[in-house]
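Below is one structure, written out as structure tokens; the observations come after it.
The values are calculated or read from the model by the stated rules, or taken from the named source; none is laboratory data. Bear in mind that the values here come from a model prediction, so they are computed numbers and not experimental data. Backbone-built Cβ (ideal geometry, glycine too); neighbour counts: all protein chains shown.
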Amino acid sequence: MPPKRPIEAQGDVSGRQRKKQKMDGARTIAVQHASGSTVPAASTSNAVRFDSMKGLPGSIDVDKFAESRAFEIKAMQEAMKNARAGSTHRAWQELPRHLRRRAASHDVRRVPLRMREKSRSEMDPMRRKVLGRSLPKRGKMRREARGVTFLRRQENKKWLESHLWHAKRMKMENMWGYRLAVHPTEKSFRPSHRASVHGAILHDASYYGTVELKGLEHVLKAILGSCCDLQGQSPAAKRFLTGTRACETAVYGANAYPFDYVGPVTIIWQPLAATTSGPLPAKAAEEGLDKSVSKRKRKTSKKGKEPAVAVPPVPTTVDSSPRTVWVRAHPSIFAEVLSVFQLATSLALDSLRSLPEHADKTYEVHVTDLRDAFNIFEIMGPKASQVIKGALTPLHADINKRPEFKEFWSSLSDLQTSGSVPSNMIVGFTIMDPRLNFPPKNAKPHTGNDVFPSISAPQISLPTTALAQSALWDGDLRSRLKEPRFKKKEIDARKAQHDIPGAALKATPSDDRIPVLLIQRSLAQPASADPSLPSQPAQSPSPSIHGWTLLLPAGWSMPALTSLLYTGTRVGGQRERAHQALEAGVPCFPRDMPATPAYDTYARARAAADRATWAKKPPAKRVSWEKMGLGVGDPWRADWRGVLGLPAEHTDEEEDEGDAVPTQREDAAAQGKDTAVQPWLLRGPATRAILARAATLFNPAAGLHSELTTLRTARHIAPVARARVDADTLFRGALVQVRVVFGGRGCPTEGAVAYKVSDAEAAAWRRADEARRRIRGRAGEESDEAEISQGIPDAEEIVGYVTSGGFSLSRGRGHALGAVSIARYFELQTQAEKLRLGGILVKVRDRQGVVCRAAFVEVLETS
């Protein structure tokens, strides 16, 4: 028998050896040692007998034989018991990794046939009780309900409806008040990228919040015009006002553009009626307004006060109609977006109160929080259309009575990519319960006949108000659909009673009908090319990723998710979503939006995690910032104030950590001048045009100020954002988003530093690049023309930072997004034109390296 305490008996023995000895001991059969007097003399002889069958009795007394062999029988039984009890692997643990399923611990049929008998014996409750493996159970009266347990675990965060499905398969973290999936537990970085490029990948974005605005149309136009991005088309443009397209824009503080940038949002107008030119009639009773702000216009007006928002007068012949607007925002900025619209509503109504033509009218606007009203799925990839058509089954009434939708639905399976349809197109329809038709069949494109197979070009549907109609706008209907009428086991029971068990069921009048919205979504760069980089082959357009955004009412996440996943689509988390944006060359919020509160929160959390990881490593296995010359400052965070030439802000946390407090004060005038400079981010679809026009002037600061003033005047906003901000102060605090492209080696990561290149370094790099082009293809060439310098340059040479970067799988080289100072950008642009570099050249150093490599930057345009 093995020793009772093998650790004490064997001293320093590895765990693997102890486990092996334990198994050997459990499989050893005890042997009875006979005494010397009882052993016959013949037993010690080595002689071989050929007549061994002689002398055996003709019969055996079973009782006496069993009694004489009692020790051997008992030893055999104990050995078998010990061998079974000493087993450390269950049946499903012996399976290969790709066959392991969590459900196998509850369902024997999930295990291959050859191992079902072993699994069934391991799952026998009586056997577990005999072996002493049964865990103590609480009494039924003391047992906590499962729902209560889940609610208790959501005290400091929220779960999505699909949380349990994701928690079993993905790495989960607390983000923005939710428990969200970061990435799958299996190795799926490259397969997820292939799915977004060649297949389909799904992401549960139900954590996005929605703000609902209800009021008269001209009032809502004034509210949106005062706090949305002034570049590009207004959310009140005709193409968005009909409700056939979604508007992707950005939210700023009320009348504060270009300051107080909050973040990107998506604005959706309720579609107009399909039969008339007017809007849909509003309901008299508006229920479900949890957090509403009701602002009524007063009849008295104050004289001598100019309105903050200039509202166009309402026509006297036709009164403005009531409309509804949804604003979808990221959870990290939802509270700020809600407060901005509340303030903008107050300012818009105050402006209307001061106008004489509206003195006898009373207005009311409702701002409602609809955070828990929708489930949102983002399905990206060329096969996203086939996934949606295969998983969802629209009602026959939508197909038969709506010719526009019938045309769209018939052409959905033939779309090679959703980028073929108009951008941000909205399609509304009603589907049956997805569980009735589970498992769904994958939709496949039509390939013609067997003799001449061909893929016919699908007929592209254009956005219309009839196509955008959906009952999802009805708040009462969403409230009734919050809980499915039938549970899954009831639907499974109906399928079991079917003539063909498991076949699809026909919808009955008692089954639920779920209204949905389908919005085209694209991650793509603008079609225009950067004129500053005309001859760079590395500046080829980034690959675009297209897909759909599916909106469902709350309560229907899992029924839709199981059907969507059965079509073969992959599931991604936050990592996969961010990588899609990086591959497409578009910024990802909030990590690529400096000078915003959401980015500051993200940067602090990321710096704390990186600092903790660095501190866990021994000194010999981690980067020494002192030896690299970075003993001063925070190496884990980007110093944007240092890029702009502003003094660092000392927070209370830094003072508690022991940072040195200066004993001498700076000059009061200089300190006051730097305090007036406020960092802000220039972004939008017209960013390149604005910078190009400002660069043509002798004073770019005055040109930039003039361009922003023109944008504000076009939207009837005061010429200057703040009275104390002049052109020079505005110019000093400006940042612009850029794309960093490496022509050769180099793979920057988040936090990499971009430095300006001196004239000598730029000339040396140009000579090395020309030499490389001449000797391209020769054997034995090992020079690195992308390397400009070794060592860490001075902090005064920093022009910007990389906010997100890595190896681009679609480009086959390093790719990054970042931001630079506009003042430094104009200096680099002048240098590039003088030295004829063919582009704006910088040198980029990874945060933990000392090698500076050449890279080009180009201004990034976003929607």
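Can you go through HIS89, HIS106 and tell me which one is surrounded by fewer than 11 Cβ atoms within 10 Å (Cβ to Cβ), at pLDDT below 85 and more than 36 Å from the chain's Cα centre (by Cα)? First the steps, then the outcome.
On the way: HIS106 fails: more than 36 Å from the chain's Cα centre (by Cα).
Among HIS89, HIS106, only HIS89 is surrounded by fewer than 11 Cβ atoms within 10 Å (Cβ to Cβ), at pLDDT below 85 and more than 36 Å from the chain's Cα centre (by Cα).
Do we find a residue being at pLDDT below 70, aromatic (Phe, Trp, Tyr) and either farther than 30 Å from PRO112 by Cβ or surrounded by 10 or more Cβ atoms within 10 Å (Cβ to Cβ) (or both) anywhere in the range 49-59?
So far as the range 49-59 goes, yes, one or more of its residues are at pLDDT below 70, aromatic (Phe, Trp, Tyr) and either farther than 30 Å from PRO112 by Cβ or surrounded by 10 or more Cβ atoms within 10 Å (Cβ to Cβ) (or both).
Taking into account only those residues within the range 327-373 that are among the polar types (S, T, N, Q) and in a helix (DSSP H, G or I), which is farthest from GLY263 (Cα to Cα)?
Among residues in the range 327-373 that are among the polar types (S, T, N, Q) and in a helix (DSSP H, G or I), the one farthest from GLY263 (Cα to Cα) is SER351.
Check the range 574-582 and report whether any residue there is buried (at least 19 other Cβ atoms within 10 Å of the Cβ), closer than 28 Å to LEU472 by Cβ and touching a helix residue (DSSP H, G or I) at 6+ places or on another chain (Cβ under 9 Å).
The answer is yes, given that some residue of the range 574-582 is buried (at least 19 other Cβ atoms within 10 Å of the Cβ), closer than 28 Å to LEU472 by Cβ and touching a helix residue (DSSP H, G or I) at 6+ places or on another chain (Cβ under 9 Å).
Search the range 698-721 for residues that are under 15 Å from ALA686 (Cα atoms) and pair each with any residue that is in a helix (DSSP H, G or I) and not aliphatic (A, V, I, L, M) when their beta-carbon atoms are under 7 Å apart and the residues are at least 6 apart or on different chains.
So the pair list comes out as GLY703/ARG693; LEU704/PHE731; GLU707/ARG693.
Looking only at the range 199-234, count how many residues are in a loop (DSSP other than H, G, I, E, B) and in contact (Cβ under 8 Å) with a residue 60 or more places away in the chain.
Adding up the residues that qualify gives 11.
Just for the range 716-752: of the residues that are basic (Lys, Arg) and at pLDDT 90 or above, which one is surrounded by the most Cβ atoms within 10 Å (Cβ to Cβ)?
For the range 716-752, the residue satisfying everything is ARG739.
Let me confirm something: among VAL643, VAL632, which residue is β-branched (Val, Ile, Thr) and modelled with pLDDT under 75?
VAL632
I'd like the residue in the range 502-547 that is acidic (Asp, Glu) and modelled with pLDDT of 75 or more and, out of all such residues, is nearest to the chain's Cα centre (by Cα). Working first, answer last.
Quick first cut of the range 502-547, residues acidic (Asp, Glu) only: 511-512, 530.
So of that shortlist, the ones also modelled with pLDDT of 75 or more come out as 511-512.
Working: ASP511: 33, ASP512: 30 Å.
Here the answer is ASP512.
So which of GLY814, GLY838 ends up being farther than 30 Å from ARG575 by Cβ and touching a residue at least 24 places away in the same chain (Cβ under 8 Å)?
Just a single option satisfies the conditions, and that option is GLY838.
What about SER410, is it of a type in the set (Ser, Thr, Tyr), free of Cβ contacts under 8 Å to residues at least 60 places away in the same chain, within 25 Å of PRO553 (Cα to Cα) and out of contact with any helix residue (DSSP H, G or I) (no Cβ under 7 Å at 6 or more places or on another chain)?
yes
With the requirement that a residue be surrounded by 21 or more Cβ atoms within 10 Å (Cβ to Cβ), aromatic (Phe, Trp, Tyr) and either farther than 21 Å from CYS588 by Cβ or in contact with a Lys or Arg (Cβ under 6 Å, 6 or more places away or on another chain) (or both), what does the range 220-261 give you?
Result: PHE240, TYR257.
Quickly run through the range 818-863 and pick out the residues that are at pLDDT below 90 and of a type in the set (S, T, N, Q).
Of everything in the range 818-863, those that are at pLDDT below 90 and of a type in the set (S, T, N, Q) turn out to be GLN848, THR862, SER863.
Looking at the range 596-611, is at least one residue surrounded by fewer than 17 Cβ atoms within 10 Å (Cβ to Cβ) and either within 23 Å of PHE377 (Cα to Cα) or in contact with a Pro (Cβ under 8 Å, 6 or more places away or on another chain) (or both)?
Yes: one or more hits.
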